[in-house]
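Reviewing the structure listed below.
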Ligand SMILES: Nc1ncnc2c1ncn2[C@@H]1O[C@H](COP(=O)(O)OP(=O)(O)OP(=O)(O)O)[C@@H](O)[C@H]1O
Ligand SMILES: [Mg+2]
């Protein structure tokens, strides 16, 4: 088995010329910085989330089978270098862009943090090793990353998948605020297939009970870790380090933060997978 890539989260091996093996590790990264502390058990739960969504979404996907509790065999694809983000709510970097230039994607006037958008929007980013940046549909076409038809396909597929995931989440008592999809092309047929992973590293999840417009939400995803890092000043360290071209040194994650993050991931998984 050939080692191919050690990503921020997964280790990828080539099983044969058609299949890859994803090992969901216990590594965690935030603000595009790998943390020095592992989160024991995270890989297993992320693998279970991915299996759950791939099984229940009605879209062709790359999953072949599970191999143990934290490994998945997937079809090897030619990845499309765009992160297909869909947002149903104004939060995170979209909220920051909205408050700094009000006319973003014509979202509507006077929206607050956490406001539900009129319709889910397609908000793609580049897929970069360092920091993903927003990219417009026009730029995707101009850079010939996708043809017109391919772009329409991934956009419609992403919005459709978000709607399905939202409905399932809603039925379990959650709001899925946004989600990121990656697609790849089948090397023989060029068919576009849903790939990568779907779990709390890819979406923002809030409970319906705690949701309040105009406030920071209680989150059941990686935002909990980002919020803790912001509280201890690490977000500012990341900002300054990138201005100075230096590598930020992450703090050790305390065990209560690790335990709470895992508890939140499991809480969502248990509720959603039992619907
Ligand atoms: N079916 C597939 N075939 C080939 N590559 C895939 C497939 N599904 C996902 N990938 C790629 O495998 C890598 C998974 O590793 P991981 O997500 O841990 O990396 P990462 O550090 O997040 O890298 P990236 O920022 O590129 O996603 C990603 O680059 C992803 O695009
Ligand atoms: Mg990734």
Worksheet item: Could you say whether any residue in the stretch 17-39 is on the phi > 0 side of the Ramachandran plot and either within 19 Å of the chain's Cα centre (by Cα) or free of Cβ contacts under 8 Å to residues at least 40 places away in the same chain (or both)?
Response: yes
Discussion item. Just the residues that are surrounded by fewer than 16 Cβ atoms within 10 Å (Cβ to Cβ), in contact with a helix residue (DSSP H, G or I) (Cβ under 7 Å, 6 or more places away or on another chain) and either outside any strand (DSSP E or B) or at pLDDT below 95 (or both), please, taken from the stretch 60-92.
Written reply: 69
Worksheet entry | Filter result (at pLDDT 95 or above, more than 12 Å from ligand 2 (Cβ to nearest atom), assigned to a strand (DSSP E or B) and over 23 Å from residue 185 (Cβ atoms)) within the stretch 12-40 | 23
Discussion item. Just to verify a result, which residue in the stretch 41-52, among those that are away from ligand 1 (no atom under 14 Å from the Cβ) and in contact (Cβ under 8 Å) with a residue 40 or more places away in the chain, is surrounded by the most Cβ atoms within 10 Å (Cβ to Cβ)?
Written reply: 45
Fill in: residue 9, sole failed condition from (1) closer than 24 Å to residue 256 by Cβ; (2) modelled with pLDDT of 95 or more; (3) within 15 Å of the chain's Cα centre (by Cα)
(2)
Response to the item:
Among the residues of the stretch 1-11, the number that are touching a helix residue (DSSP H, G or I) at 6+ places or on another chain (Cβ under 9 Å) and assigned to a strand (DSSP E or B) is 1
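The values are calculated or read from the model by the stated rules, or taken from the named source; none is laboratory data. It should be emphasised that the depicted structure is a prediction, and the values quoted were computed from it without experimental measurement. For neighbour counting, all protein chains shown are included, and Cβ atoms are generated from backbone atoms with ideal geometry for every residue, glycine included.
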